[in-house]
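Just below is one structure, and these are the notes that go with it.
The values are calculated or read from the model by the stated rules, or taken from the named source; none is laboratory data. Only a predicted model underlies this, so the values are computations on that prediction, with no experimental measurement involved. For neighbour counting, all protein chains shown are included, and Cβ atoms are generated from backbone atoms with ideal geometry for every residue, glycine included.
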């Protein structure tokens with residue numbers, strides 16, 4: 001299906017050891033590379049994976065199309081990816097690592113910001129539209145489908161008409177920054193639940209919290 005990546009993937013050794021596709025997972029935190037984008041609302045996907053890395057005690061290293069880290073949890077192997085392709089080419093990195101590691105689509109989780117949810121609200125969905133999000137739009141176009149799991153982190157919509165880009169690329173307020181630590185811990189709990197218990201149980205337990 002993704003024949004245009006064959007030449008890139010061929011000959012490359014996978015990072016995950018397992019050969020069982022049902023025990024391999026891919027987490028993609030959406031964001032933009034560069035200091036000017038660090039700690040902005042649009043980069044919550046990167047921040048979520050950084051928080052998870054601290055809790056699960058793994059580190060990232062530079063690989064093709066992104067920063068990559070991995071960890072094991074109760075027999076499952078998890079690859080965490082922070083794409084270096086910038087937000088509007090997120091799908092390219094996702095497809096490359098999905099194909100390289102031979103990970104099933106149902107075991108992929110995209111972590112993204114969402115202006116349609118109040119700050120800190122978390123919601124896991126199994127499918128849906130891109131909602132105007134450039135990263136999700138590119139993923140949808142790359143996969144040619146919309147039925148992939150995404151964990152939406154609410155960033156609110158406290159901006160005037162026409163100022164959406166400034167808002168999502170803006171830094172967190174002091175109040176938001178204070179609340180982020182607990183919220184990111186909650187995201188890590190959701191990710192572990194997604195891997196260990198599955199999406200349906202995770203949705204029932206965590207959505208809206």
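Summary table below
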| item | result |
| --- | --- |
| Every residue from segment 146-166 that is assigned to a loop (DSSP other than H, G, I, E, B) and touching a helix residue (DSSP H, G or I) at 6+ places or on another chain (Cβ under 8 Å) | 146, 147, 148, 155, 157, 158, 159 |
| Enumerated strands (runs of 3 or more DSSP E) restricted to segment 54-96, each holding at least 3 residues that are touching a residue at least 40 places away in the same chain (Cβ under 8 Å) and in contact with a strand residue (DSSP E or B) (Cβ under 8 Å, 6 or more places away or on another chain) | 76-83 |
| Residue within segment 40-47 that is over 30 Å from residue 156 (Cα atoms), in contact with a strand residue (DSSP E or B) (Cβ under 7 Å, 6 or more places away or on another chain) and without any contact (Cβ under 8 Å) to a residue 60 or more places away in the chain present | no |
| Residues (within 30 Å of residue 173 (Cα to Cα) and within 13 Å of the chain's Cα centre (by Cα)) located in segment 92-121 | 109, 110, 111, 112, 113, 114 |
| Candidate set: segment 28-41, residues that are part of a helix (DSSP H, G or I) and in contact with a helix residue (DSSP H, G or I) (Cβ under 9 Å, 6 or more places away or on another chain); chosen: the one nearest to residue 124 (Cα to Cα) | 41 |
| Residue check, residue 209 on the phi < 0 side of the Ramachandran plot, part of a loop (DSSP other than H, G, I, E, B) and either exposed (fewer than 13 other Cβ atoms within 10 Å of the Cβ) or at pLDDT 95 or above (or both) | yes |
| Options 92, 161; residue that is at pLDDT below 95, surrounded by fewer than 22 Cβ atoms within 10 Å (Cβ to Cβ) and more than 19 Å from residue 184 (Cα to Cα) | 161 |
| Condition met for residue 152 (over 27 Å from residue 62 (Cβ atoms) and in contact (Cβ under 8 Å) with a residue 40 or more places away in the chain) | yes |
| Subset tally (residues that are assigned to a loop (DSSP other than H, G, I, E, B) and either surrounded by 13 or more Cβ atoms within 10 Å (Cβ to Cβ) or at positive phi (or both)) for segment 174-198 | 1 |
| Hey, residue 44 in a strand (DSSP E or B), at pLDDT 95 or above and within 13 Å of residue 112 (Cα to Cα) or not | no |
| Any hit, segment 112-135, residues being part of a helix (DSSP H, G or I) and in contact with a helix residue (DSSP H, G or I) (Cβ under 9 Å, 6 or more places away or on another chain) | yes |
| Condition met for residue 126 (closer than 30 Å to residue 57 by Cβ, surrounded by fewer than 18 Cβ atoms within 10 Å (Cβ to Cβ) and either touching a strand residue (DSSP E or B) at 6+ places or on another chain (Cβ under 6 Å) or without any contact (Cβ under 8 Å) to a residue 40 or more places away in the chain (or both)) | yes |
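Okay, residues lined up against (1) at pLDDT below 95; (2) surrounded by 17 or more Cβ atoms within 10 Å (Cβ to Cβ); (3) over 24 Å from residue 177 (Cβ atoms):
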residue: 20; (1), (2), (3): yes, no, yes
residue: 59; (1), (2), (3): no, no, no
residue: 76; (1), (2), (3): no, yes, yes
residue: 80; (1), (2), (3): no, yes, no
residue: 105; (1), (2), (3): no, no, yes
